[in-house]
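Heads up: the structure comes next, in structure tokens.
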Amino acid sequence: MPVKILNVSVMAVFCTLFTPAAFSERIEETRLSETVRVLASDEFEGRAPGTAGERKTVAYLIDQFKTLGQQPAGENGSWTQAVPLIHTKLANTFTANFSIADNPWHLKQGVDVELSSISTLEHNQINDAPVIFVGFGASAPERNWDDYGDIDLTGKVAVFLVNDPDFAAAPSEPVAGLFGNKRMTYYGRWTYKFEEAARRGAVAAIVIHEDKAAGYGWQVASSSPGENYAIAHTDADQKTLQLQGWLHNDAAARLFRAAGLNLDEQRRLSRLPEFEAVELKGIKFNADLHVNVERIQSQNVLAQIAGSSQQDEVIMVSSHWDAYGIGEPDKQGRTVRPGANDDALGTAGVLELARVLKAEPTPARSIVFAVWTAEESGLLGSAAYAQNPVFPLAKTAANFTLDILQTAGLARDVILVGEGQSELEADLVNAAARQGRSLTPESLPENGLFFRADHFSMARKGVPVLLLMGIAGGADLIDGGRKAGEQWISDYINHCYHQTCDAWSADLDLSGAAQDIELFQMIIQDLSNSARWPEWRDGSEFKAIRDMSKSSRSKNDHN
Ligand SMILES: [Zn+2]
């Protein structure tokens, strides 16, 4: 249901009565443009982690924060936080097979499977591992749902269905609506499935790919075969899968047939509340892996405005500095993938917020500006912070993330990602109303964008979040309406996203982006001078973890 707070007919009147909040400084398009121009220039080489482009980017960001009068907020009083990463690539000599009644079926990488490793082991083997079909693999006590039963995954291979148990359910099925209907919950994400398998001691986890339920085709799932990135864990106890990846739907059908099962029938059974994981009889999995493990030292950049009276209470503003580096030449011979929109523009927004918020009287709470590394490799910079936060997450009131802002001009609405998750939605409604705008929920919640940007690293640790992402749904543009907003997204996704074309130009229309960034300015200005702790709504999969730290958040009103 769209949250329509104003209809168009009253909006014109509303706009004349209300001007945007009185700020000392406003978000300036020329400043946004200048930051994007610098970060997206060839000199920065597409800002890949661990490259000369990273060194230039980090130096530039620190310099900007210093110029804006910010204080360092990284490790040991510095401006950065170290993020040790590994980049893994399976050697061509790697083999994997399903043994069916002792006959090996050799799996073709990119055709039958897309497998990769996030382990630091350079050679490892999996021998005769039992294969367990775990359905959707959800263990969701708050929904009274458990796909695992008594099964022990230690030393085994877990095979999952993609998305949530209710994604393909008919309205009459008992599971319908239990996992947010079409909106994907965290249980639907492959990251959750891999983590759950690792937690339960599995050696490998494989998700059966389906175009519709995954939200993207097999070409996307298998676009960098055998390659992966991960945080380099120093903790030896950290449970890690030896192998993870996707199984093509046709290969999955064949595998299930070999075990005397029908994949479609198993899909149906997996939607039943009484479903429990089953072993694929007569099937074993084998793999012999040589992995090239490259170690990369990367960095998050962190700055702050220290609060005046509630300094240990933190509001966090984020973007990611990394982009896709250098790749194959395009038709014009360009090799740098400059990530102008994704996410130099979000980073420019963070710098602008640092500037305009600094121009106000010192807030009661601290405001931390975090520019993450390695978002494009799997939200790794933000995940590294969430695992090892400089400021305790229990007292981090909210995270505000900017990742890809639209460059299509002013809009009548703002697109809401993750409808119904937290009380911050009401803050966004109020801020939008002050600009004479309304909220429109994202158009494809089943694609799970809520889990695909850095704010999510904070959300899964319980910090309430708000994400502005220009590709989450077509905005209702002043010039051209919703149709033009949707056209901008399809042009961007089809031609520029992660490509050489995502470049700076003096002609970029940054008016809509500035308007969106101002929403965060209003919300943060308010929240940083408040004693309020925004909450997750009932039914959110992140409420339970936040509630565990409730006692550490003071309830006395500081004002
Ligand atoms: Zn991004």
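Might you check whether a residue that is buried (at least 22 other Cβ atoms within 10 Å of the Cβ) and on the phi > 0 side of the Ramachandran plot occurs anywhere in region 443-452?
yes
If we only count helices (runs of 4 or more DSSP H) wholly inside region 156-224, which ones have 2 or more residues that are touching a Ser or Thr at 6+ places or on another chain (Cβ under 8 Å)?
Answer list for region 156-224: 190-199.
Out of A386, A370, I need the residue that is assigned to a strand (DSSP E or B), on the phi < 0 side of the Ramachandran plot and of a type outside the set (D, E). Which one? Give the derivation first.
Values: A386 fails: assigned to a strand (DSSP E or B).
It is A370.
Check off (1) over 30 Å from H495 (Cβ atoms); (2) within 16 Å of the ligand (Cβ to nearest atom) for V350 and give me the number that stays unchecked.
So the condition that V350 fails would be (1).
Does at least one position in region 292-308 carry a residue that is within 16 Å of the ligand (Cβ to nearest atom), of a type outside the set (A, V, I, L, M, F, W, C) and under 30 Å from E34 (Cα atoms)?
Yes, some residue in region 292-308 is within 16 Å of the ligand (Cβ to nearest atom), of a type outside the set (A, V, I, L, M, F, W, C) and under 30 Å from E34 (Cα atoms).
For region 397-409: of the residues being surrounded by 24 or more Cβ atoms within 10 Å (Cβ to Cβ) and more than 14 Å from the ligand (Cβ to nearest atom), which is farthest from D343 (Cα to Cα)?
Only one residue fits best here, namely A398.
What strands (runs of 3 or more DSSP E) lie completely within region 13-107 and have 3 or more residues being in contact with a Ser or Thr (Cβ under 7 Å, 6 or more places away or on another chain) and polar (S, T, N, Q)?
Details: elements: 80-90, 95-100, 103-106.
So the answer is none; nothing clears 3.
At pLDDT below 95, more than 19 Å from I27 (Cα to Cα) and more than 16 Å from the ligand (Cβ to nearest atom) - does that describe any residue in region 366-387?
yes
What do you reckon, is V317 closer than 30 Å to A484 by Cα and under 16 Å from the mean Cα position of the chain (by Cα)? Steps first, please.
Working: closer than 30 Å to A484 by Cα: yes; under 16 Å from the mean Cα position of the chain (by Cα): yes.
When the stated conditions are applied, V317 passes them.
To keep it simple, each residue is scored yes or no on (1) on the phi > 0 side of the Ramachandran plot; (2) modelled with pLDDT under 95.
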residue: H498; (1), (2): yes, yes
residue: L508; (1), (2): no, no
residue: L519; (1), (2): no, no
residue: I524; (1), (2): no, no
residue: D547; (1), (2): no, no
residue: N556; (1), (2): no, yes
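Exactly one of (1) of a type in the set (D, E, K, R); (2) away from the ligand (no atom under 16 Å from the Cβ); (3) touching a residue at least 40 places away in the same chain (Cβ under 8 Å) is unmet by K281. Its number?
Of the numbered conditions (1) of a type in the set (D, E, K, R); (2) away from the ligand (no atom under 16 Å from the Cβ); (3) touching a residue at least 40 places away in the same chain (Cβ under 8 Å), the odd one out for K281 is (3).
Quick one: how many residues across region 314-336 are touching a residue at least 24 places away in the same chain (Cβ under 8 Å) and charged (D, E, K, R)?
3
Consider region 196-255. How many of its residues are at positive phi and among the hydrophobic types (A, V, I, L, M, F, W, C)? Talk me through it step by step, then tell me what you get.
Within region 196-255, the first condition is being at positive phi, and the residues that meet it are 201, 215, 226, 245.
Next, only the ones that are among the hydrophobic types (A, V, I, L, M, F, W, C) stay: none.
So the count comes out to 0.
Could you check region 452-482 and list, in sequence order, the residues that are assigned to a loop (DSSP other than H, G, I, E, B) and not aliphatic (A, V, I, L, M)?
Answer for region 452-482, where residues must be assigned to a loop (DSSP other than H, G, I, E, B) and not aliphatic (A, V, I, L, M): R452, D454, R460, K461, G462, P464, G470, G473, G474, D476, D479, G480.
If you scan region 410-437, which residues turn out to be surrounded by 22 or more Cβ atoms within 10 Å (Cβ to Cβ) and not in a helix (DSSP H, G or I)?
Matches in region 410-437: A411, D413, V414, I415, L416, V417, G418, Q421, S422, Q435, R437.
Considering only strands (runs of 3 or more DSSP E) fully contained in region 227-342, which possess at least 3 residues that are surrounded by fewer than 20 Cβ atoms within 10 Å (Cβ to Cβ) and touching a strand residue (DSSP E or B) at 6+ places or on another chain (Cβ under 6 Å)?
Answer list for region 227-342: 278-305.
The values are calculated or read from the model by the stated rules, or taken from the named source; none is laboratory data. What you are looking at is a predicted structure, and each value in this text was computed from that prediction instead of being measured. Neighbour counts are summed over all protein chains in view; Cβ atoms, including those assigned to glycine, are modelled from backbone coordinates with ideal geometry.
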